[in-house]
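The values are calculated or read from the model by the stated rules, or taken from the named source; none is laboratory data. The structure displayed is predicted, hence computed values, not measured ones. Positions of Cβ are backbone-derived with ideal geometry, glycine not excepted, and every protein chain shown enters the neighbour counts. Remember, those area values only see protein heavy atoms, side chains included, never the ligands or the DNA or RNA. Shrake-Rupley method; radii C 1.70, N 1.55, O 1.52, S 1.80 Å.
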Protein chains: 2
Amino acid sequence: MGSKGYTDPETMYRQYIDCLNNRSLDGLTAFVAGSLTYNDSAITLEDYQGLLRQNFHDIPDLCFNISLLVANNGHIAARLKFDCTPTGEFMGIAVKGKRVVFHENVFYHLKEGLIDAVWSVIDLESIRKQL
Amino acid sequence: MGSKGYTDPETMYRQYIDCLNNRSLDGLTAFVAGSLTYNDSAITLEDYQGLLRQNFHDIPDLCFNISLLVANNGHIAARLKFDCTPTGEFMGIAVKGKRVVFHENVFYHLKEGLIDAVWSVIDLESIRKQL
């Protein structure tokens, strides 16, 4: 799918988000390149899967909701909404089981239909204000 | 220009950023609707001009640099880079004249060629780490 370039970027992205929400980390190979940059740090797909595995561990009810989606052939931009209950710390903030609602504004670069760069900003300030 | 819908969204957005970098707050009427929502709060164009005037006061060397730009007819998404020297507090953080580099990932909704909604997330965490 993603790797063969048959899918338009918006459809590919919605499938990627479904893959995350199904906790199908092995399925990410259809959407994410073997090596990528994350906020300008070079990581591997295995690292990326590890980050997500940690997120799912820290936030058992984590669900990715697409609020806005803008795409062209090279880039995808998404505003994601989260309404969830991190059990302990989330990104250095001691949430400790409180329900929080926050957003992530994130950009992706696509190479041959696969994500090979991510630039994410999460609204941690709004999480702090809810605690 | 923006208001007559003759300009494609990317060109309009680059003109909007030039307008900001020229400190031409009166010129914003060509790009921003009279009433808009900013991170889901209803504000007026005058409020928006006031927010920017405050930013320019707090950060005399403020310059908006477009790192990424993704647009369609209804929405614009931009990753903006800032390399600047806030003189006092910026968004509650006491920067006090230190040079900081940070990003904003921001989405806009367009109505008849004018911005009528903004959803912004600024990477305040990276500012804190630089102090």
Which of the residues that make up region A:84-94 are closer than 19 Å to residue B:122 by Cβ and surrounded by 13 or more Cβ atoms within 10 Å (Cβ to Cβ)?
A:90, A:93
With the condition kept exactly as written, say whether any residue in region B:71-85 is at pLDDT 95 or above, closer than 18 Å to residue A:76 by Cα and more than 15 Å from the chain's Cα centre (by Cα).
yes
Reported set for region A:110-125 where residues are farther than 22 Å from residue B:73 by Cβ and within 12 Å of chain B (Cβ to nearest Cβ) is A:117, A:118, A:119, A:120, A:121, A:122, A:123, A:124, A:125
Can you tell me which residues in region A:95-119 are over 11 Å from the mean Cα position of the chain (by Cα), free of Cβ contacts under 8 Å to residues at least 40 places away in the same chain and surrounded by fewer than 21 Cβ atoms within 10 Å (Cβ to Cβ)?
A:96, A:97, A:98, A:99, A:100, A:101, A:102, A:109
Listing of strands (runs of 3 or more DSSP E) fully contained in region B:1-97 that carry 3 or more residues being within 14 Å of chain A (Cβ to nearest Cβ)
B:65-71, B:75-84
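So which of A:68, A:36 ends up being over 13 Å from the mean Cα position of the chain (by Cα), touching a residue at least 40 places away in the same chain (Cβ under 8 Å) and open to solvent by less than 30 Å² (accessible area, probe 1.4 Å)? Quick ask: steps written out before the conclusion?
Details: A:68 fails: touching a residue at least 40 places away in the same chain (Cβ under 8 Å).
Residue meeting the stated conditions: A:36.
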Evaluate the following for residue A:83: is it closer than 24 Å to residue A:40 by Cα and not hydrophobic (A, V, I, L, M, F, W, C)?
no
